[in-house]
Amino acid sequence: MLEPVVDEDGAPFWRYTAAGELRVQACSGCGELRFPPRPCCPHCHSFESEWRRMSGRGRIWSYVIPHPPLLPAYAAQAPYNAIMVELAEAPRIRLVGNLVSGPGAPLNSVPPERLRIGARVQAVFAEIGGVTVPHWVLERP
């Protein structure tokens, strides 16, 4: 399975996910939320930032169901989904993940016909190769 690359700017994001929290980098100067994390605010150019806790709620903005699996490691889980989630508190921030039936469930645990753009989702967390990543579950199963 693909593992996220943890760099210096994004390391706090992964520390928070390991604790079961979804946080987004915010500029300490102008308050603008930004993702992916980066050292400088693209709005006011400040180098000061903080990490704000999000509710973990959002909605499916887009999705794809790869056929056939693009990588051999995913073949056993096909068909599976990859979704883009628009965060409730920050609609301009979108995170990529998978819709699963519950915490720790496999990538193919939600039938493809259950996916809908606009469906409300909630973050759950799963460990992949030593890194805890956000997955998503439907708010109304």
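The values are calculated or read from the model by the stated rules, or taken from the named source; none is laboratory data. As the structure is a computational prediction, the values presented were derived from the model and not from experiment. Note: ideal-geometry Cβ built from the backbone for every residue, glycine included; neighbour counts use all protein chains shown. Accessible surface areas use protein heavy atoms only, side chains included; no ligands, DNA or RNA. Shrake-Rupley method; radii C 1.70, N 1.55, O 1.52, S 1.80 Å.
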(request) Report the full-extension gain for the segment A19 to E89: residue separation times 0.36 nm, less the Cα-Cα distance, to one decimal in nm. (result) 23.2 nm
(message) Using amide H atoms built in the peptide plane, which far-off residues or other-chain residues are under 5 Å from V6 H to H?
(response) none
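Once the piece of chain linking C40 and L71 is laid out straight, how much longer is it, given 0.36 nm per residue of separation minus the C-alpha distance between them?
7.7 nm
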(message) Can you compute 3J(HN,Hα) from phi for each residue in region 13-28, using the Karplus curve 6.51 cos²θ - 1.76 cosθ + 1.60 with θ = phi - 60°, rounded to whole Hz and x for Gly and Pro?
(response) 4, 6, 5, 5, 5, 4, 8, x, 10, 9, 10, 10, 5, 10, 6, 6
(request) Step through the residues of region 44-53 one at a time and calculate ³J(HN,Hα) from phi using the Karplus curve (6.51 cos²θ - 1.76 cosθ + 1.60, θ = phi - 60°), rounding each to whole Hz and writing x for Gly and Pro. (result) 10, 6, 6, 9, 8, 8, 9, 10, 9, 6
(request) Would you work out the charge dipole size for region 1-96 about its Cα centre, treating the Cβ of every Lys and Arg as +1 and the Cβ of every Asp and Glu as -1, and quote it to the nearest 20 debye? (result) 320
(request) Can you work out the accessible area per residue across the chain, with the rest of the protein chains kept in place, probe 1.4 Å, in square angstrom? (result) 55
(request) List the residues whose amide H sits under 5 Å from the amide H of S109, counting only those 5 or more places along or on another chain, with H placed 1.01 Å from N in the peptide plane. (result) S101
(request) Among C40, V121, G97, pick out the residue whose Cα is farthest towards the positive end of the charge dipole of the chain, where Lys and Arg carry +1 and Asp and Glu carry -1 on C-beta, about the Cα centre. (result) V121
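In whole percent, how big is the carbon plus sulfur part of the accessible area of region 1-111, probe 1.4 Å, protein atoms only? Intermediate results must be reported in sequence, preceding the final value.
Values: 3350 of 6060 Å².
About 55 percent, which is the carbon plus sulfur part of the accessible surface.
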(request) Would you mind counting up the charge near V6? Only other residues with Cβ under 14 Å from its Cβ, with Lys and Arg at +1 and Asp and Glu at -1. (result) -4
(message) Using each residue's phi in region 108-124, evaluate 6.51 cos²θ - 1.76 cosθ + 1.60 at θ = phi - 60° and report the 3J(HN,Hα) Karplus result to the nearest Hz, with x for Gly and Pro.
(response) 9, 7, 10, x, x, 5, 7, 6, 9, 5, x, 4, 7, 10, 10, 6, 10
(message) Which residues among region 1-27 fall inside the zone where the amide N is under 14 Å from a point 7 Å beyond the Cα of V131, along Cα→Cβ?
(response) 1-18
(request) Grab the alpha carbons of the chain, take their convex hull, and tell me the volume per residue in Å³. (result) 108
(message) Under the rule of at least 5 residues apart or a separate chain, name every residue whose amide H is placed under 5 Å from the amide H of R23.
(response) M54
